[in-house]
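Read the structure below first, then the notes.
The values are calculated or read from the model by the stated rules, or taken from the named source; none is laboratory data. Predicted model only: the values in this text are computed from it and were never measured. Backbone-built Cβ (ideal geometry, glycine too); neighbour counts: all protein chains shown. The protein model used for the area step is the full one, side chains on, heavy atoms only, and it has no ligands, DNA or RNA in it. Shrake-Rupley method; radii C 1.70, N 1.55, O 1.52, S 1.80 Å.
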Amino acid sequence: MFGYAVKRLLQSLFTLFIVVSLVFLLMRLLPVEGYFGDRFQKMSVGEVQASLRKMGLLDPWYLQLGRFYAGVARGDLGVSFIYRRDVPITKIIAPRIPYSAGFGLVAIAIAMTAGLAMGVGMARNKGKLQDRAGTVYIVFVNAVPLAVYLLFVQLYGSSLLHLPILFDKYNIASWILPAVSMSLNGIAFYAMWIRRYMVDELNKDYIKLARAKGLPNRTVMVRHVMRNAYVPMAQYLPAAILATIGGSIYIESLYSIPGMGGLLVDVIQRQDNAMVQALVLIFSSVGIVGLFLGDLLMALLDPRIKLAKGGGAR
Amino acid sequence: MTASPAPKAILEVRDLVIKFSLRGRLLSAVRGASLSLSEGETLAIVGESGSGKSVLTKSFIGMLDQNGRVDAGNILFEGADLATFRREEDWLPIRGKKIAMVFQDPMTSLNPLLTVGRQIREVIELHRGLVGKKAEIATVEMLDRVGIIDPEARADQYPHEYSGGMRQRAVIAMAMACRPRVLICDEPTTALDVTIQAQILGLIKALQRDFGFTTIYITHDLGVVANVADKVAVMYAGKIVEIGTTEDIFYDARHPYTWALLSSLPQLGVKGRPLYSISGTPPNLFKEIKGDAFAPRNPRALKIDFEREPPMFEVSPTHRAATWLLDPRAPRVDPPESIRAMRESLRGEII
């Protein structure tokens, strides 16, 4: 188990290093306007060169990369050039994360409870009304563009239920619509997968044997079917939780939530190279750490993985 | 059945009919099967795939698929008629406790995420009401009993750490954990290699000797039958067409289907001749079958075989067969040459 964890950790760190370095080096190929914004028009070539030298951008690439990693190690992601000039990036991001992550976590909690309950019900009543109704919901959520149904949620949620139409951090009621909106997709996701894994499990020989042993239906369901069906689901959980940091572009702009959603798109459009770099670092670490934790969780839950030679076999 | 002092019947099946509804149509998987089992006896049910042998035994523990039901007949066991059981609560005191079952494939019969010990303890806790340390001791005892070496350590291992033969032993330990009266083995050795097969059959025999339960084997393998069974029931198209002691069936088979089945044994084929196989396919069980179900595939079929269903004729007190050939008015029809040759070669020799 320990060996497996260390091996996966090293793999993750290596992946992260490749991704971040690649992005960093690609950023160096961008036009230098990205470091000056509007000022660039009024600057002479000499001024531009002088500023670039001052920022260390004319040094060889390996020096720049080394400085960048040294900064990261100190928790310094550099300063924004355009988005909010000369403000440390960590200061720009820090106050936004709690909003995004807060909504994301609440949405996951709603999605897990409702989605798992729904999926378990669907699997137990396979082919019957509940299963079909659930399938309709899943297909609807996946097929209709979220921009459409989320607008309806906002519209009817505010007019019929009299919930606030925009987010206001001092009004708890205004949290409801965005959190619910954010969970709709997750509910469908969890319901669909838990149903699928449970139906798989129900047809397994060991479930037949568990019944033949005389275990009551309930015990078979809880101890054998549901437990086994949750295991493959657990793999995605850490990644989903960490991904909430990124926020939801659409929902955050719909309800004017000051979160992380859309920030990356924004800074790319405005060519704020330093911000892009920092955000890519954060988002890719979050993704990679999520996968790493998911694999560890699987290894904890599924005894077969501990023995798998080569680390990745499942 | 009045000869020797008949031992007490433990399980009696009378005219059992089991139907399945499949896409709005009714399929008769078992069409009136009757048999009686005495305590400590070993019965083998043989027949080709789809003959209803698994379905028949599944009905003894209420494990028919959701779309199946017992349509008529009785399954008498310890003073109750299992055929009338509908609710789960009815079955709980029987299933796994009084009548246990071992399935075909030990590789997939154990839950991969729970330790073997946990899966055995589950049965012991449920049916014997033991908890904690006592249940644990009983679990280890059971593993030891089925020949698992170092049972304490093995109990804490997961199924993937067991070999195929050991897994089947563990499954048997599970089935035996609450000392059932009847053990149903659904092709227990099909998925195992030959040397392990013999070990497992030997183990079941030894356990049967010690605990005195009744065993029902479901198998295609007539070699297994000759090895372990006291009694053989031959099933075809949802009916028991011939039933008798192992000697009756191997030395004095009367039903043309039993002949055909025995002729297709590769071990008994004649050297230099192609192996025998039964031509045609089993009848469609969605339709009402007229006459003897085997008649269309039977080269020696009589005219009446296509008209009326043969009743069970008694050959001897232990031996009965459902074929018009046993009617006093029937013409004399000899079994095929291969069967006669086989009888010659079998004289004085046990397969």
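Per-residue mean of other chain beta-carbon atoms within 10 angstrom of the beta-carbon, peptide B:100-113?
Numbers: counts 3, 6, 2, 5, 1, 1, 2, 1, 5, 8, 4, 12, 7, 10.
Per residue, the number of nearby Cβ atoms from other chains is 5 on average.
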Report, to the nearest 10°, how far helix B:132-145 tilts away from the longest principal axis of the Cα atoms in chain B, using its own Cα long axis and a range of 0 to 90°. 40 degrees
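For Cα pairs less than 8 Å apart in space and 6+ apart in sequence, what is the mean separation divided by the residue count of chain A, i.e. the relative contact order in percent?
Working: 336 pairs, mean separation 85.3, N = 314.
About 27 percent, as a whole number.
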Quick one: which of B:168-180, B:125-137, A:261-273 comes out on top by average Cβ neighbours within 10 Å, and what's the full order, highest first? B:168-180, A:261-273, B:125-137
If you take the beta carbon distance between A:A70 and A:Q11 as r and set R0 to 25 Å, what does 1/(1 + (r/R0)^6) give as a FRET efficiency, to the nearest 0.05? 0.60
Keeping all protein chains in place, calculate the accessible area per residue for chain A (probe 1.4 angstrom), answer in Å². 52 Å²
Could you calculate the FRET efficiency of A:S253 with A:I176 from 1/(1 + (r/R0)^6), where r is the beta carbon distance between them and R0 is 22 Å, rounded to 0.05? 0.75
Normalised per residue, the volume of the convex hull around the Cα set of chain B (Å³): 159 Å³
With the full set of protein chains in place, find how many percent of the accessible area of the protein assembly as shown is carbon and sulfur; take the probe as 1.4 Å. 60 percent
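Classify the range B:16-150 from the C-alpha gyration tensor, please: rounded if a/c falls under 1.5, else prolate or oblate depending on whether a/b exceeds b/c.
Values: a/c = 1.97, a/b = 1.85, b/c = 1.07.
Prolate.
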What is the sum of charges, Lys and Arg at +1 and Asp and Glu at -1, for the other residues whose Cβ falls under 11 Å from the Cβ of B:Y162? +2
Quick one: what are the phi-derived ³J(HN,Hα) couplings along the range A:138-147, Karplus 6.51/-1.76/1.60 with θ = phi - 60°, whole Hz, x for glycine and proline? 4, 5, 4, 4, 7, 8, 7, x, 5, 4
Over the range B:235-351, relative contact order from alpha-carbon pairs under 8 Å, at least 6 apart, %: 29 percent
The ³J(HN,Hα) series, computed from each phi in the range A:148-159 with the Karplus coefficients 6.51, -1.76 and 1.60 at θ = phi - 60°, rounded to the nearest Hz and given as x for glycine or proline, is 7, 6, 5, 4, 5, 4, 5, 5, 6, x, 7, 7
Averaged across the residues of B:151-161, what count of C-beta atoms belonging to other chains lies within 10 Å of each residue's C-beta? 1
Mind checking the mean number of beta-carbon atoms from other chains within 10 Å of the Cβ atoms in B:51-64? 1
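Does the protein assembly as shown come out rounded, prolate or oblate, given a ≥ b ≥ c as the square roots of the eigenvalues of its C-alpha gyration tensor, rounded meaning a/c under 1.5 and, failing that, prolate meaning a/b above b/c?
Values: a/c = 2.93, a/b = 2.56, b/c = 1.15.
Cα axes put the protein assembly as shown in the prolate bin.
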Solvent exposure of chain B as accessible area per residue, Å², 1.4 Å probe: 46 Å²
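Normalised by the empirical 2.2 N^0.38 Å for globular proteins, what value does the Cα Rg of the range B:198-291 take?
1.27
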Can you pull the Rg over Rh of the range A:97-254, Cα-only, Kirkwood? 1.06
Taking the Cα atoms only, what angle lies between the long axis of helix B:116-128 and the longest principal axis of chain B, rounded to 10 degrees? 80 degrees
Spelling it out for B:A72: with amide H atoms placed in the peptide plane at 1.01 Å from N, the residues 5 or more places away or on another chain with amide H under 5 Å from its amide H are B:V17
Could you tally the net charge around A:Q64, taking each other residue with its Cβ under 13 Å from the Cβ of A:Q64, Lys/Arg +1 and Asp/Glu -1? +2
Whole-number D in µm² s⁻¹ for the range B:234-346, Kirkwood Cα-pair radius fed into Stokes-Einstein, 37 °C, 0.692 mPa s: 224 µm²/s
Lysines near B:K271 by alpha-carbon distance under 30 Å, same-chain residues fewer than 8 away left out - which ones? B:K231
A:S158 versus A:L29, label points 7 Å from Cα toward the beta carbon: distance in nm? 4.4 nm
What is the interface area between chains A and B, defined as buried accessible area summed over both chains with a 1.4 Å probe, reported in Å² to the nearest 100? 2200 Å²
Listed residues B:R25, B:R121, B:R300, most fluctuating in chain B (Gaussian network, C-alpha, under 10 Å): B:R25
Checking the table A:K126/B:K58; B:K19/B:K290; A:K126/B:K19 against a 20 Å threshold on Cα-Cα, which pairs fail? A:K126/B:K58; A:K126/B:K19
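Checking the a/c ratio against 1.5 first, then a/b against b/c, what shape does the Cα gyration tensor give for the range A:174-314?
On the way: a/c = 4.29, a/b = 1.87, b/c = 2.29.
Cα axes put the range A:174-314 in the oblate bin.
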From Cα pairs below 8 angstrom and at least 6 apart in sequence, can you work out the relative contact order of the range A:97-254, rounded to a whole percent? 39 percent
Sorted from largest down, what three extents in whole angstroms do the Cα atoms of chain A have along their principal axes? 85, 58, 31
Partner lysines for A:K169 [C-alpha distance under 25 Å; skip if fewer than 8 residues away on the same chain]: A:K91
Name the long-range amide H neighbours of B:T42: under 5 Å, sequence gap of 5 or more, or other chain; modelled H, no Pro or chain starts. B:T215, B:D230, B:K231
